[in-house]
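Have a look at the structure below, then the notes.
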Amino acid sequence: MSRFLNDPDNAVTETLEGFLLAHPELERRGTSRVVTSSTPPTGRVAVVTGGGSGHKPAFIGYIGDGMFDAVVCGDVFASPPVGSVLEAIRTVNTGHGVMLLLGNYSGDVMNFEMAADMARDEGIDVEMAVATDDLGAGSNVRPDQRRGVSGQFLIWKTVGAAARQGASLAELKQLALDVNSATRTMGVSLNGCTLPGSTKPTFSLDEGQMEVGVGHHGERGRSTEPLVQMDEIVDRLVDEIDQDLQLREGDRAAVVINGLGGTPMLELYIAYRRVAKVLQEKGVSIEVNFVGEYFTALGMHGFSVTLMRLNDRTLGLLKDPARTPHFTQTSTPN
Amino acid sequence: MSWDLKEALLHASKNVQSARDQLCDLDAALGDGDHGTSMARSFAAVERELSSTESNEPADLLELVGNTVLNAVGGAMGPLFGSAFLSSSTALRNADPSLSSPERTAAAIAAAANAIQRRGKASVGDKTMVDAIVPAAEAAATAAGQPDATSATVLRAAAEAAAAGTEHTKELIARIGRASRLGERTLGHQDPGATSITLVLESLAASAGAPVGHPVLTLN
């Protein structure tokens with residue numbers, strides 16, 4: 001697949017340069033891969049995430065008031081190195097500690113863990129929460145072996161809001177784990193994706209087929225199946241999620257319909273239409289919804305459905321104001 | 001040590017860079033296909049650092065390689081290879097002075113194996129680097145106990161055991177990491193991380209004067 005690029009090896013660097021020109025309220029030191037808000041998190045815990053690049057608007061699109069204080073950018077789909085993570089922790093720590101949020105990928109976990117250990121040796125309080133919302137590989141996969149996918153947006157939003165309100169490091173970690181365990185995601189796609197510099201996609205399907213259980217790195221899913229109509233796909237995704245999440249009549253839910261970068265909004269809203277209908281039939285009320293591209297995969301034609309069971313606290317945090325380059329909301333009256 | 005570790009590590013660095021495309025192809029079947037790229041970039045940095053250091057002290061060189069890999073590209077390989085080299089460096093520094101040179105070499109490989117298991121939380125049979133480095137450490141310990149042992153024979157034994165372990169990964173289903181989500185689809189594919197570990201050990205063995213008969217990859 002062709003791409004609009006200069007030298008593919010410079011893709012991440014040039015994206016960062018463009019991003020910082022477009023959003024002068026963000027900062028980075030020199031040529032580092034650590035991007036921070038220009039407003040330091042004075043008097044509260046700092047929230048940091050990071051991971052491989054290629055998921056825009058994740059992660060740097062969510063730096064700002066009510067979400068992240070710093071993001072550590074790796075190469076395309078590859079964890080940033082230990083040194084960059086440590087630099088981010090040092091940069092944003094104002095003495096109240098640093099909360100690290102990341103998805104369950106061995107590279108990210110190892111690099112963040114090593115950096116957290118080093119930061120603790122320097123006397124900085126650091127906690128880490130690893131998201132595992134994905135059911136793509138099946139609900140028989142041990143929860144600690146599941147990937148973190150687009151349900152992470154809900155963790156970022158709630159933890160960012162709670163940090164802004166002054167929650168302690170221990171409270172933020174518990175909140176991240178609680179939101180994670182109340183959240184499940186399932187994704188499907190019609191193709192893989194092509195990494196910058198590569199000429200072939202990570203996988204491709206014949207016309208009329210779909211890949212079930214995909215993540216957001218162009219990796220294959222659990223199975224290749226005949227493409228069916230959207231309502232049937234959504235029913236299947238919601239059903240698998242619900243078998244694990246077990247929403248009950250009267251529950252309140254948040255829904256994310258996330259496009260992987262190559263899925264028209266037309267299709268995403270057709271998916272949301274069905275999710276809304278299915279949940280209504282179950283007696284589950286959707287209190288918050290996010291339909292759009294929150295966490296992409298270099299233009300994969302695919303999407304995921306995320307459902308989260310809400311309580312008063314998490315609902316309030318999801319509705320709390322935020323102002324970042326790619327996600328802004330003002331306070332919404334209940 | 002009678003062999004030049006710096007030369008050996010430089011040789012390994014060049015071989016890893018030459019294997020870039022082959023390692024990417026192995027990874028494309030199991031992961032996102034970038035293993036060769038990140039290994040090549042890490043070891044290009046290693047080559048630069050080794051070429052500019054004055055030291056020839058083995059523990060210093062291994063520490064330099066470890067820190068370079070750790071901060072070069074990230075990914076999963078940074079912490080795994082980085083921890084492996086740093087731990088082998090520490091093992092050499094802390095080695096009992098009465099140990100022979102082959103025993104120290106085996107101790108360094110054992111430390112690398114422990115570091116990779118600790119950092120990656122994988123076990124033998126999970127279809128990872130562990131399936132190469134753990135048998136390598138065992139073979140190295142056995143070889144170091146032979147009466148005519150040299151560092152070269154220890155490294156060759158380690159490399160041969162790593163290669164056998166890597167070959168065996170084809171028969172395993174990935175149980176950890178990104179590949180584990182593919183389940184049985186991973187059968188028949190050789191683990192790229194195990195391949196890289198083997199390539200490094202084979203390069204060190206060859207530099208020490210004990211090349212293996214059947215290398216894990218055919219390099220151009």
On the first, second and third principal axes, largest extent first, how far apart are the outermost C-alpha atoms of region A:13-181 in Å? 45, 34, 28
Of A:60, A:233, A:270, which has the largest mean-square fluctuation in a 10 Å C-alpha GNM of chain A? A:270
Report P(r) for region A:1-59: all Cα-Cα distances, bin width 5 Å, range 0 to the bin holding the largest distance, values in whole percent. 4, 14, 24, 26, 17, 8, 4, 2, 1, 0
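Roughly how big is the A-B contact, given as buried accessible area in Å² (both sides, 1.4 Å probe, nearest 100)? Working shown, then result.
On the way: alone 14140 and 9880 Å², together 21910 Å².
So the buried area, both faces added, is about 2100 Å².
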Please compute one quarter of the surface area of the Cα convex hull for region A:97-177 and express it in square nanometres. 5.4 nm²
In the neighbourhood of residue A:192 defined by beta carbon distances under 11 Å, the net charge of the other residues (Lys, Arg +1; Asp, Glu -1) is -1
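With the Cα gyration tensor of chain A in hand, convert its eigenvalues to equivalent ellipsoid semi-axes via √(5λ) and list them largest first in whole Å. All intermediate terms of the calculation are to be shown ahead of the outcome.
Numbers: eigenvalues 177, 122, 60 Å².
They are 30, 25, 17 Å, listed largest first.
In µm²/s, what is D for chain B at 25 °C and 0.890 mPa s, where D = kT/(6 pi eta Rh) by Stokes-Einstein and Rh is the Kirkwood radius from Cα pairs?
Details: Rh = 16.8 Å.
Calculated translational D: 146 µm²/s.
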In deg cm²/dmol, rounded to the nearest 500, the helical mean residue ellipticity at 222 nm of chain B, built from -39500 (n - 2.57) for every DSSP H run of length 4 or more, is -21500 deg cm²/dmol
Accessible area of region A:13-181 with a 1.4 Å probe: how many percent of it is carbon plus sulfur? 49 percent
Between residue A:27 and residue A:231, what is the label-to-label distance in nm when each label sits 7 Å out along the Cα-to-Cβ direction? 5.5 nm
May I ask what percent, to the nearest 5, of DSSP beta bridges between residues of region A:87-222 are antiparallel? 30 percent
Name the GluC sites (Glu not before Pro) in region B:146-196 that are in a loop by DSSP and that have at most 13 other C-beta atoms within 10 Å, would you? none
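Length gain on complete extension for the stretch residue A:329 to residue A:2, per 0.36 nm per residue less the alpha carbon to alpha carbon distance? Could you put the intermediate results ahead of the total?
Numbers: separation 327, 0.36 × 327 = 117.72 nm, distance 3.57 nm.
114.1 nm is the gain from fully extending residue A:329 to residue A:2.
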Need one number: nm distance between label points at residue A:178 and residue A:121, each 7 Å from Cα along Cα→Cβ, rounded to one decimal. 3.5 nm
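Net charge around residue A:265, counting only other residues with Cβ within less than 14 Å of its Cβ (Lys, Arg = +1; Asp, Glu = -1)?
Numbers: positive: A:273; negative: A:267, A:293.
Net local charge, residue A:265 excluded: -1.
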Descending Cα extents along the principal axes, region A:183-329, whole Å: 48, 35, 25
About the Cα centre, and with charges only on the beta carbon of Lys, Arg (+1) and Asp, Glu (-1), how big is the dipole of region A:177-245? Nearest 20 debye, please. 440 debye
Comparing the chain by itself with all protein chains present, which residues of region B:159-193 are at least 40 Å² less accessible (probe 1.4 Å)? B:178, B:181, B:185
Note down the magnitude of the dipole of the protein assembly as shown about its Cα centre, charges +1 on Lys and Arg C-beta and -1 on Asp and Glu C-beta and zero elsewhere, to the nearest 20 debye. 860 debye
What does the average come to when, for each residue of peptide A:192-204, you count the partner chain Cβ atoms lying within 10 Å of its Cβ? 2
Looking at the protein assembly as shown, what % of its DSSP beta bridges pair antiparallel, to the nearest 5? 55 percent
Rounded to the nearest 5, the percent of antiparallel DSSP beta bridges in region A:34-118 equals 25 percent
Can you pull the mean other chain C-beta count within 10 Å for peptide A:207-217? 1
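Within chain A, which is the longest segment containing none of the GluC sites (Glu not before Pro) that sit in a DSSP loop and have at most 12 other Cβ atoms within 10 Å? The partial results should precede the final answer.
On the way: sites that count: A:122, A:207, A:249.
Answer from the scan: A:1-121.
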With point charges of +1 on the Cβ of Lys and Arg and -1 on the Cβ of Asp and Glu, referenced to the Cα centre of region A:19-106, which listed residue (A:47, A:95, A:83) lies farthest in the positive direction of the dipole? A:83
At a 1.4 Å probe, which residues in region B:114-139 are at least 30 Å² less accessible with all protein chains present than in their chain isolated? B:119, B:121
Of A:266, A:102, A:21, the one that fluctuates the most in a GNM where chain A has Cα springs shorter than 10 Å: A:266
Label-point separation in nm, residue B:124 to residue A:282, each point 7 Å along Cα→Cβ: 4.5 nm
From the Cα centre of region A:173-244 to that of region A:117-139, the distance in Å is 23 Å
Accessible surface, per residue, of region A:13-181 when the full set of protein chains is kept, probe 1.4 Å, Å²: 32 Å²
Just to be sure I understand: with springs between alpha-carbon atoms less than 10 Å apart, which residue in A:151, A:107, A:61 has the highest mean-square fluctuation in the Gaussian network model of chain A? A:107
What percentage of the solvent-accessible surface of region B:1-146, computed with a 1.4 Å probe over protein heavy atoms, is contributed by carbon and sulfur atoms? 48 percent
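When Cβ neighbours within 10 Å are restricted to other protein chains, what is their mean count per residue of peptide A:71-83? Could the numbers behind the result be given before it?
On the way: counts 0, 1, 1, 5, 7, 3, 6, 12, 8, 5, 11, 8, 6.
Taking all residues of A:71-83 together, the mean is 6.
The values are calculated or read from the model by the stated rules, or taken from the named source; none is laboratory data. These numbers come from a predicted model, not from an experiment. Every residue, glycine as well, gets a Cβ built from its backbone with ideal geometry; the counts of neighbours run over all protein chains shown. SASA here: full protein model, heavy atoms, side chains in, ligands and nucleic acids out. Shrake-Rupley method; radii C 1.70, N 1.55, O 1.52, S 1.80 Å.
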